[in-house]
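Asks: Encoded as structure tokens, here's the structure I'll be asking about.
The values are calculated or read from the model by the stated rules, or taken from the named source; none is laboratory data. Please read all numbers here as calculations on a predicted model, not as lab measurements. Here the Cβ is made from the backbone with ideal geometry for all residues, glycine too, and neighbour counts use every protein chain on show. We work out accessible area using only protein heavy atoms, side chains counted, and drop any ligands, DNA or RNA first. Shrake-Rupley method; radii C 1.70, N 1.55, O 1.52, S 1.80 Å.
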Amino acid sequence: MQPTGHLRGDAVRVGGDARQRFYDARGYGRPLDGNEIALSRVEAAHLLFRGDLSGIELDDESDPVDFEHFFVASAAAADRFAVRFLVYSDLRDRGFYLSPARDPWPGGSDAPSDAVDFVAYERGETPDTGNVKYPIQVVGERESVATAGLAGRTLAVVDEESDITYFAAEAGGIDGATGYEPPSDLTGVLLADRVVVWDAPEDLYERGFYGRPLTGRAADVEGALQLSLVEAASLAADGRLSLSASVEGERTEDADANAGDAAARVVARGRDVEGERFDRRLAVYKRLRAADAVPKTGFKFGADFRTYLDVETVDDLPHSEHLVRVVGPDHEFSPRELSLDVRLAGGVRKEMAFALTAVGGERSSDGAAGATLDADVEWLSVDRLTP
């Protein structure tokens with residue numbers, strides 16, 4: 001005959017030979033005195049669902065209840081019980097031992113944050129001796145997911161049809177091997193939303209992959225290169241680009257050739273075009289260039305940038321390796337948004353990376369946003385996972 005559980009507070013106690021039967025042999029619960037164990041509600045529901053418990057006596061009822069009654073009562077009493085039960089059951093069916101990610105359960109102290117629901121151990125390892133394989137954060141399809149602190153977790157998203165999608169979130173960075181040094185004497189004209197360098201050296205595009213040539217089949221103009229505002233702001237901030245003129249509406253004004261003034265003008269134009277988002281993208285762009293990676297627009301993929309890690313010449317351009325989306329450190333994903341980004345990146349053989357950067361504080365006197373150019377950037381890589 002199967003044992004009966006007794007709900008006491010928010011844990012279900014089981015006596016008899018429960019320690020040997022459930023904890024020692026299968027990693028359920030945590031041991032108490034003697035052979036008694038304490039099960040979390042999810043663990044108890046799973047054993048009841050499998051028929052390994054005959055019933056559970058609730059606090060306010062003398063007769064043990066079946067799985068249906070206990071499941072409904074727990075869904076009313078415990079936060080997100082239904083989705084957590086689905087994930088727990090799925091991972092158990094995949095052969096993992098799991099524990100609730102809180103003390104005094106085994107493995108609870110190994111969870112990276114309070115947002116983690118379970119820790120899953122390496123296959124074949126028990127809570128007593130096992131290393132944590134996956135710190136599991138469970139969310140429903142319509143919940144939001146905070147970007148901050150997500151690195152190091154496995155996200156289990158339960159959709160409206162109770163299917164589960166797993167995502168691995170990892171910290172890290174993007175490092176390239178593009179050894180190109182731009183010239184320091186570029187001069188351009190600031191237009192409404194880009195900068196044109198009329199006499200750009202050939203290798204600025206061919207080897208540095210800056211901008212896009214202004215060309216056509218019948219063109220009789222050579223050396224004209226269109227830079228995005230982000231590219232131009234980065235070059236100007238490094239003292240490599242000055243402006244000979246600036247187009248303001250229908251007016252064309254001479255621009256100070258001073259590089260610092262050029263940076264201020266381009267950054268100001270960028271803010272006019274896209275607001276504070278420009279500051280964040282500029283900070284990430286500069287970090288990528290400083291890491292010898294080449295960022296180009298990710299517009300066609302719905303991202304901020306796509307990146308090339310090792311560009312020798314544009315004629316022999318490698319496949320881009322990442323899609324990068326720039327977000328603030330307090331950004332919250334919707335699971336649908338995250339799934340779309342990751343699925344699209346995987347579909348075009350790229351890795352999805354999120355750049356978390358906060359841009360604020362006092363701007364420098366030249367208007368080029370010293371806080372923008374020096375802003376911290378944290379990297380978060382997210383990919384689909386099959387446990």
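Asks: So, with +1 on the Cβ of K and R and -1 on the Cβ of D and E, and no other charges, what is the size of the charge dipole of the range 111-171 about its Cα centre, to the nearest 20 debye?
Replies: Computed about the Cα centre, the dipole is about 260 debye.
Asks: Here's a follow-up. How much mean residue ellipticity at 222 nm does the chain get from its helices, if each DSSP H run of length 4 or more adds -39500 (n - 2.57) and you divide by all residues, to the nearest 500 deg cm²/dmol?
Replies: Helices in the chain give a 222 nm mean residue ellipticity of -7500 deg cm²/dmol.
Asks: In a Gaussian network model over the chain where Cα atoms closer than 10 Å are linked, find which of Pro295, Pro64, Pro335 has the largest mean-square fluctuation.
Replies: Residue with maximal mean-square fluctuation among Pro295, Pro64, Pro335: Pro64.
Asks: Solvent-accessible area of Leu309, probe 1.4 Å, all protein chains present, reported in Å² to the nearest ten, please.
Replies: Approximately 40 Å² for this residue.
Asks: List the lysines whose alpha-carbon lies under 18 Å from that of Lys350, not counting same-chain residues fewer than 8 positions away?
Replies: Lys350 reaches Lys296, Lys300.
Asks: Test of understanding: given the chain, find the longest segment containing no GluC sites (Glu not before Pro) that are in a DSSP loop and have at most 12 other Cβ atoms within 10 Å.
Replies: 251-361
Asks: Among Ala200, Ala358, Ala77, determine the one that fluctuates most according to a GNM of the chain built with springs between C-alpha atoms less than 10 Å apart.
Replies: Of Ala200, Ala358, Ala77, the Gaussian network model singles out Ala77 as fluctuating most.
Asks: Please state the charge dipole magnitude for the chain, taken about the Cα centre, from unit charges on C-beta atoms (+1 on K and R, -1 on D and E), reported in debye and rounded to the nearest 20.
Replies: 520 debye
Asks: Taking every pair of alpha-carbon atoms in the range 38-174, what share in percent sits in each 10 Å bin, from 0 to the bin with the longest distance?
Replies: Per 10 Å bin, starting at 0, the Cα pair percentages come out as 12, 40, 35, 12, 2, 0, 0.
Asks: Still on this structure, please answer the following. At a probe radius of 1.4 Å, what is the per-residue accessible area of Ile174, in Å² to the nearest 10?
Replies: 10 Å²
Asks: Then there is this: Over the chain, with a Gaussian network built from C-alpha contacts below 10 Å, which listed residue (Phe299, Phe333, Phe167) shows the highest mean-square fluctuation?
Replies: Looking only at Phe299, Phe333, Phe167, the largest GNM fluctuation is found for Phe299.
Asks: Using alpha-carbon positions, what is the distance between the centroids of the range 302-343 and the range 94-120, in Å?
Replies: 31 Å
Asks: Counting DSSP beta bridges in the chain, what percent are antiparallel, to the nearest 5?
Replies: 75 percent
Asks: Ranked from the most accessible area to the least, with a 1.4 Å probe and all protein chains present, what is the order of Ser62, Ser234?
Replies: I get Ser62, Ser234, largest accessible area first.
Asks: For the chain, calculate the relative contact order in percent as a whole number, restricting contacts to Cα pairs under 8 Å that are 6 or more residues apart.
Replies: 12 percent
Asks: Distance between the C-alpha centers of the range 8-42 and the range 185-213? Whole Å please.
Replies: 69 Å
Asks: Heavy atoms only, 1.4 Å probe, whole protein assembly: order Lys300, Lys350 by accessible area, highest first.
Replies: Greatest to least solvent exposure: Lys300, Lys350.
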